[in-house]
Amino acid sequence: MSRILVVDDDAAILKLISVILSRASHEVRTSSHPVEALEMLKVFTPDLVISDVVMPYMTGLEFLEQVRSHEKRASLPFILLSSHAERSDVRRGMNLGADDYLPKPFTPQDLLTAIDARLRRAGLAVQGASGTEAKAMGTAQVIWKGESVSWVSRKALELFFYLLEHKEVTSWQAAEALWPEKDEARASSLFHTTLHRLRRSLSNEAVMSTNRRYTLAADINPEYDVQRFELLAKQAEAGSLGLEELRELSSMYGEFLPGVDSPWSDDVRSRLEQRQLSVLSLAARAASDAGRTKDAAQFHQRALTLDPLSEQDWNGLAQALGALGDPRARLAAQREAWWAVDFE
């Protein structure tokens, strides 16, 4: 099964392609606006993109150009669709890096044949090993040039994530955040020692400094699980995700940088916890609307492990268990937690 993103401002075409590809066992995401699709690409990595050429606000050719400008998507298979088969548009699309052009109208077989050909050609392609991946939810790990970083010190790892979260900081801001219990001189000394160790762990050019302000180098633009989680959570709050997507999103959550003890990391944990509670609330509502009462109960219980004072989740849990005929509905109504017992 391949992951395919389809972009077209025509809702009927989107529906048609989605049905054709779903029946062929592909995972399909759709967007009616190229700008929205660019946002989706930050959190969804497809195996292939299909885009109409003629669209308002941003054409498919401009969208293609934006996709190709990102290093990690420079070789992403891309098929253009259009009922306006202008030779100049086709030529420009191919010059911009399109892999194929399919005129409208097309048959299901035309579409599937074009997709299969592109996916076969891309089958052995792998992304370059120059990228970076940062994982902070439930773990603390950085992948650098395809390998897990062996940090000179754990504080160097914490400084890396602090810079990733705050983009640009002064030495005093970082020192105060990472060593709040130290006096100014000692904290400043520890910051510069840790900065040196961070650079030793990655490279001398990993952190740039200008006028005593520090930032990660421009070429260090990692796939960051926190950013992915928050972008998807925003889509969920906008009503763009279904029940199964909400379930998958909620499973991404984990404690931010476990083992790190500092006020700034606590602030991030609080922020992410609120996002997770919002996702679980949406998931419980979606499960209830779909008649998946057992799932709704599970989402409410998970929310209560984070916020045991949530009246909304206690009430939702009691109602769901009552509907299931589960005797634990009485415990939920009495606000008694039995979390050692899992739903079967």
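Give the lysines reachable from Lys182 as a straight Cα distance under 19 Å; neighbours fewer than 8 places away on the same chain don't count.
Cα-Cα hits under 19 Å: Lys155.
With the radius of gyration and the Kirkwood radius both derived from the Cα set of the stretch 1-112, what is their ratio Rg to Rh?
Using Cα coordinates only, the ratio equals 0.92.
Counting only trypsin sites (Lys or Arg not before Pro) that are in a DSSP loop and have at most 16 other C-beta atoms within 10 Å, tell me the longest site-free stretch of the chain.
The segment 213-334 is the longest one with no such site.
Going by the alpha-carbon gyration tensor, a ≥ b ≥ c the square roots of its eigenvalues, is the chain rounded (a/c under 1.5) or, if a/c is not under 1.5, prolate (a/b greater than b/c) versus oblate?
Note, shape of the chain comes out oblate.
Of Lys72/Lys135; Lys135/Lys167; Lys135/Lys234; Lys135/Lys294; Lys42/Lys234, which ones are farther than 22 Å apart at the Cα?
Lys135/Lys294
Hey, which aspartates and glutamates would be in cross-link range of Lys15, C-alpha to C-alpha under 15 Å, not counting anything within fewer than 8 residues on its own chain?
Here the aspartates and glutamates satisfying the reach criterion relative to Lys15 are Glu27, Asp52.
Taking amide H positions as placed 1.01 Å from N in the peptide plane, with prolines and chain starts having none, which residues 5 or more places from Asp307, or on another chain, fall under 5 Å of its amide H?
Close amide H contacts, sequence-distant or interchain: none at all.
Could you tell me which of rounded, prolate or oblate describes the stretch 153-270, using a ≥ b ≥ c as the square roots of the eigenvalues of the alpha-carbon gyration tensor, with rounded for a/c under 1.5 and, failing that, prolate when a/b is larger than b/c and oblate otherwise?
Since a/c reaches 1.5 and a/b is larger than b/c, the shape of the stretch 153-270 is classed as prolate.
Over the stretch 191-344, what relative contact order in percent results from Cα pairs under 8 Å that are six or more residues apart?
That works out to 13 percent.
Find the accessible area per residue for the chain; the probe is 1.4 Å, ligands and nucleic acids are left out, and the unit is Å².
Counting only protein heavy atoms, the per-residue value for the chain is 52 Å².
Between the DSSP loop rule and a limit of at most 11 other Cβ atoms within 10 Å, which chymotrypsin sites (Phe, Trp or Tyr not before Pro) in the stretch 29-85 are left?
Listed in order of number, the matching sites are Tyr57.
Go through Ala236, Ala218, Leu280 and say which Cα lies farthest out towards the positive end of the charge dipole of the stretch 178-289; charges sit on Cβ, +1 for Lys and Arg, -1 for Asp and Glu.
My answer, from the dipole projection, is Ala218.
Run the dipole for the stretch 242-316 about the Cα centre, Lys and Arg Cβ at +1, Asp and Glu Cβ at -1, nothing else charged, and hand back the magnitude in debye, nearest 20.
The dipole of the stretch 242-316 has a size of about 220 debye.
Give a quick list of chymotrypsin sites (Phe, Trp or Tyr not before Pro) in the stretch 296-343 that DSSP marks as loop, anything other than H, G, I, E or B, with at most 10 other Cβ atoms within 10 Å.
The qualifying sites are Trp338, Trp339.
Quantify, in whole percent, the carbon and sulfur part of the accessible surface of the chain (1.4 Å probe; protein heavy atoms only).
Result for the chain: 48 percent of the exposed heavy-atom area is carbon or sulfur.
The values are calculated or read from the model by the stated rules, or taken from the named source; none is laboratory data. All values derive from a computational prediction rather than experimental measurement. Cβ atoms come from the backbone with ideal geometry, glycine included; neighbour counts cover every protein chain shown. We work out accessible area using only protein heavy atoms, side chains counted, and drop any ligands, DNA or RNA first. Shrake-Rupley method; radii C 1.70, N 1.55, O 1.52, S 1.80 Å.
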